[in-house]
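The values are calculated or read from the model by the stated rules, or taken from the named source; none is laboratory data. Keep in mind that what you see is a predicted model, and the values were worked out from it rather than measured. Cβ placement follows ideal geometry from the backbone for every residue including glycine, while neighbour counts extend to all protein chains displayed.
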Amino acid sequence: MKTPVLFLLAVLVAVGSLADAQAPQGTQSQGALGDRPGAGREPEFPVPSIRDYKPRSTLVVPQHPVPRAKFPVIDIHSHQPSPISAEQFETLVRSMDPLNLRVLVNASGESGEGLRQAIAAIQRSRHRDRMVMFADIDFSRVGPGFGRRAARQLEADVKAGALGLGEISKEAGMTYKKTDGTRLRIDDPELDPIWEAAGRLAIPVFIHTAEPQEFFAPIDYANERWLELALYPGRRRPPSGFPRFEELIAERNNVFRRHPKTTFIAAHFGYHANDLARMGRLLDELPNVYTESGAILAELGRQPRAAHDFFLKYQDRVIFGKDSYQPDEFPYFWRTFETSDEYFDYYRDYHAFWKLYGMGLPDQVLRKLYYQNASKVVPGLPRAAFTD
Ligand SMILES: [Zn+2]
């Protein structure tokens with residue numbers, strides 16, 4: 001009798017580990033299970049294109065749109081003009097207030113004179129506590145001695161008032177060539193003095209590496225971003241012209257590992273929002289790494305339970321960021337984070353062929369996500385607008 005029991009146990013263990021396995025879902029059922037009667041039928045009407053088929057949802061469920069975030073928000077990933085004119089700033093703040101957006105980090109960083117002008121424009125405005133500047137480094141011509149010079153400039157930029165470094169462009173690591181003609185890898189030792197300086201100066205490095213995984217994959221009808229790639233030639237990353245996704249991620253992680261005293265914020269959830277277990281492993285291994293929510297909302301909203309659990313477990317490591325500044329898009333983020341609404345629209349059909357579901361995050365986690373984590377990681381941020 002022993003053998004069958006052991007066998008049964010082994011099967012149960014195997015089934016259990018299958019259920020836990022974290023592999024891509026891949027091809028789904030295609031909507032037809034086996035050879036049902038009538039399989040292979042052709043539609044009698046012309047088949048619509050994926051852009052034409054927009055069925056009205058007949059689902060009746062409670063709906064709680066959230067025009068205004070529940071708590072004040074710091075957006076660590078904004079792109080704003082620099083220097084910003086008084087008029088532009090007035091218009092901007094008028095659009096921020098109803099959303100409960102308190103502070104924008106202008107991650108279109110500047111350096112030297114450009115940075116001084118950008119900061120001066122903020123300081124002399126009526127809204128000096130509503131925007132801060134990060135510093136920038138131009139990585140397009142890296143050669144011998146570049147890292148030391150850039151580190152010295154970064155030190156001067158921080159003295160001038162920059163509160164962080166970034167957004168480090170995705171081009172650094174992916175497309176930029178060094179002066180010797182080879183690809184600049186983001187883990188090139190020439191850049192080490194920069195990451196070290198950021199650690200010494202106690203400022204975070206806000207870094208965008210790689211792109212959504214599907215941008216590197218064949219552009220066929222199984223590609224989740226087919227429409228986007230068909231619409232935007234500049235987003236295609238074929239192997240003929242670009243390093244691979246995994247190569248870029250490995251090089252980025254080398255930088256994180258090599259500089260444990262430097263705080264890094266991996267933009268866009270490090271492009272692991274479609275694999276939160278992987279993101280979790282990265283955060284477990286590297287306590288100096290944080291992440292940010294820009295432009296990946298559709299990934300979170302399609303896995304609200306996994307995302308909820310992730311945000312609870314890593315509540316000290318995720319910082320709110322939006323990327324492109326579109327006031328009418330922020331409420332989608334609030335609704336996804338704050339409510340438990342079901343099956344509601346995302347705002348860009350070429351990002352996502354699916355609906356969103358709310359994560360229903362508790363207040364304590366929302367506060368950390370919206371402003372507390374940013375205040376901790378970027379110590380110079382204006383604090384007046386935040387209650388605790
Ligand atoms: Zn950005």
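In table form, for the structure just shown:
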| item | result |
| --- | --- |
| Sole exception among (1) under 24 Å from Ser95 (Cα atoms); (2) more than 16 Å from the ligand (Cβ to nearest atom); (3) aromatic (Phe, Trp, Tyr); (4) not in a loop (DSSP other than H, G, I, E, B) for Tyr347, by number | (4) |
| So Leu101, is it closer than 30 Å to Pro327 by Cα and crowded, with 24+ Cβ neighbours inside 10 Å | yes |
| Unmet requirement for Ser375, which otherwise passes all of (1) of a type in the set (Gly, Ala, Ser); (2) within 16 Å of the ligand (Cβ to nearest atom); (3) part of a helix (DSSP H, G or I) | (2) |
| Matching residues, the range 350-372, being surrounded by 16 or more Cβ atoms within 10 Å (Cβ to Cβ) and assigned to a helix (DSSP H, G or I) | Val365, Leu366, Arg367, Lys368, Leu369, Tyr370, Tyr371, Gln372 |
| Candidates Gly301, Gly294, filtered to the one that is away from the ligand (no atom under 16 Å from the Cβ), closer than 24 Å to Pro72 by Cβ, among the small types (Gly, Ala, Ser) and crowded, with 22+ Cβ neighbours inside 10 Å | Gly301 |
| Test: residue in the range 16-29 that is modelled with pLDDT of 95 or more, part of a loop (DSSP other than H, G, I, E, B) and under 24 Å from the mean Cα position of the chain (by Cα) | no |
| Failed item in (1) in contact with a helix residue (DSSP H, G or I) (Cβ under 7 Å, 6 or more places away or on another chain); (2) within 15 Å of the ligand (Cβ to nearest atom), with Val142 passing the rest | (2) |
| Test: Asp188 is buried (at least 19 other Cβ atoms within 10 Å of the Cβ) and without any contact (Cβ under 8 Å) to a residue 40 or more places away in the chain | no |
| The listed residue being part of a helix (DSSP H, G or I), in contact with a helix residue (DSSP H, G or I) (Cβ under 7 Å, 6 or more places away or on another chain) and either more than 16 Å from the ligand (Cβ to nearest atom) or over 30 Å from Phe245 (Cβ atoms) (or both), out of Ser95, Ser125 | Ser95 |
| Meets criteria (touching a helix residue (DSSP H, G or I) at 6+ places or on another chain (Cβ under 8 Å) and either crowded, with 20+ Cβ neighbours inside 10 Å or over 23 Å from Arg257 (Cα atoms) (or both)) for Phe134 | no |
| Test set (1) within 20 Å of the chain's Cα centre (by Cα); (2) free of Cβ contacts under 8 Å to residues at least 12 places away in the same chain - Gly181 fails condition number | (1) |
| Count - residues of the range 157-172 that are assigned to a strand (DSSP E or B) and among the hydrophobic types (A, V, I, L, M, F, W, C) | 2 |
| Test: residue in the range 70-90 that is within 16 Å of the ligand (Cβ to nearest atom), touching a Lys or Arg at 6+ places or on another chain (Cβ under 8 Å), among the hydroxyl-bearing types (Ser, Thr, Tyr) and not in a loop (DSSP other than H, G, I, E, B) | yes |
| Failed condition for Thr175, given (1) hydroxyl-bearing (Ser, Thr, Tyr); (2) in contact with a helix residue (DSSP H, G or I) (Cβ under 6 Å, 6 or more places away or on another chain); (3) farther than 25 Å from Pro379 by Cβ | (2) |
| Extreme residue, surrounded by the most Cβ atoms within 10 Å (Cβ to Cβ), among residues of the range 312-344 that are hydroxyl-bearing (Ser, Thr, Tyr) and within 16 Å of the ligand (Cβ to nearest atom) | Tyr325 |
